[in-house]
Every structure is written in C-alpha cells, then in structure tokens.
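Here the structure is laid out as structure tokens; the discussion comes afterwards.
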Amino acid sequence: MKMKAWFLKLEAGVLLIAVIFAYFNHYEYSWGWFLIGILIPDISAVGFLVNERVGNFVYDLGHTLLLAGPLLALAVMQNSVILGMISLIWLSHIFMDRLFGYDLRG
C-alpha cells in the first residue's frame, strides 16, 4: 500500500472514531437510528440506473464532505438535535467508506 493511501485511511479512521464518539458520548444519540441511517447514503447509487455519468455525480453528492460538513455546522448553530444526528451519521458513513478504500467516483 502506498504511503499516501495509508495516511488517508488512517485519517479516515481517526475521523470516524471522533464522529462516533461525538454521536454516542457527547450527544448520546441512539444505536437504533445509527444502524438505520449508516447505509442511507448508499441510496445515492440509484443514479447508476440512469447512466454512469449521472450515477457518479449522484453517488459523489451523497459521499462528499461538502454537504455533510456544513449540515453539521448548521446543526450546531441551530442547536438542532435531528440535524446533528443526521450529519454525524452521514459523516460516519463517509469516513467508514474512505477507511475501507471507497472514495469519490467522479
């Protein structure tokens, strides 16, 4: 494994642990919602039913920090429990995928 790939996976693992820690210990959200929500971003793969170009775009949209990160910031600013839960689960999914070597497709 190349050094860069190793560091990126390590980074994703550290961020995954941090997000999961925040989800369960700081905010004390439920395991049930976490387990239900952790795979929801993979629904973005339905774009591949149209064609590869659309599939890559929609998949990347569901797996980018450009949406999940600002959602977390909004949740904190608005003190929104539901947005906080959604954003932390979403970020967990993204970091889990990156830890296992799945990156953006486009």
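The values are calculated or read from the model by the stated rules, or taken from the named source; none is laboratory data. Remember, predicted model here, so these are calculated numbers, not experimental data. Note that each Cβ is placed from the backbone with ideal geometry, even for glycine, and that neighbours are counted across all protein chains shown.
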When residues of region 13-32 are limited to those that are outside any helix (DSSP H, G or I) and without any contact (Cβ under 8 Å) to a residue 12 or more places away in the chain, the one nearest to Tyr102 (Cα to Cα): Ser30
Output for region 1-12, where each listed residue is basic (Lys, Arg) and assigned to a helix (DSSP H, G or I): Lys4, Lys9
Neighbours by Cβ (under 8 Å, 6+ apart or cross-chain): first from region 57-71, closer than 12 Å to Arg98 by Cα and among the aliphatic types (A, V, I, L, M); second modelled with pLDDT of 95 or more and assigned to a helix (DSSP H, G or I): Leu65/Leu91; Leu65/Ile94
Some residue of region 52-68 being surrounded by 12 or more Cβ atoms within 10 Å (Cβ to Cβ), under 19 Å from Ile17 (Cα atoms) and of a type in the set (Val, Ile, Thr): yes
Region 71-101, residues that are under 14 Å from the mean Cα position of the chain (by Cα), surrounded by 12 or more Cβ atoms within 10 Å (Cβ to Cβ) and not hydrophobic (A, V, I, L, M, F, W, C): Gly84, Ser87, Ser92, His93, Asp97, Arg98
Odd one out for Arg53, checked against (1) modelled with pLDDT of 95 or more; (2) within 15 Å of the chain's Cα centre (by Cα): (2)
For Trp33: the one exception among (1) within 26 Å of Lys4 (Cα to Cα); (2) over 11 Å from the mean Cα position of the chain (by Cα); (3) not small (Gly, Ala, Ser): (1)
From the options Tyr29, Tyr59, residue that is at pLDDT below 95 and among the hydroxyl-bearing types (Ser, Thr, Tyr): Tyr29
Residue within region 78-98 that is among the β-branched types (Val, Ile, Thr), touching a Ser or Thr at 6+ places or on another chain (Cβ under 9 Å), closer than 22 Å to Leu8 by Cα and in contact (Cβ under 8 Å) with a residue 24 or more places away in the chain present: yes
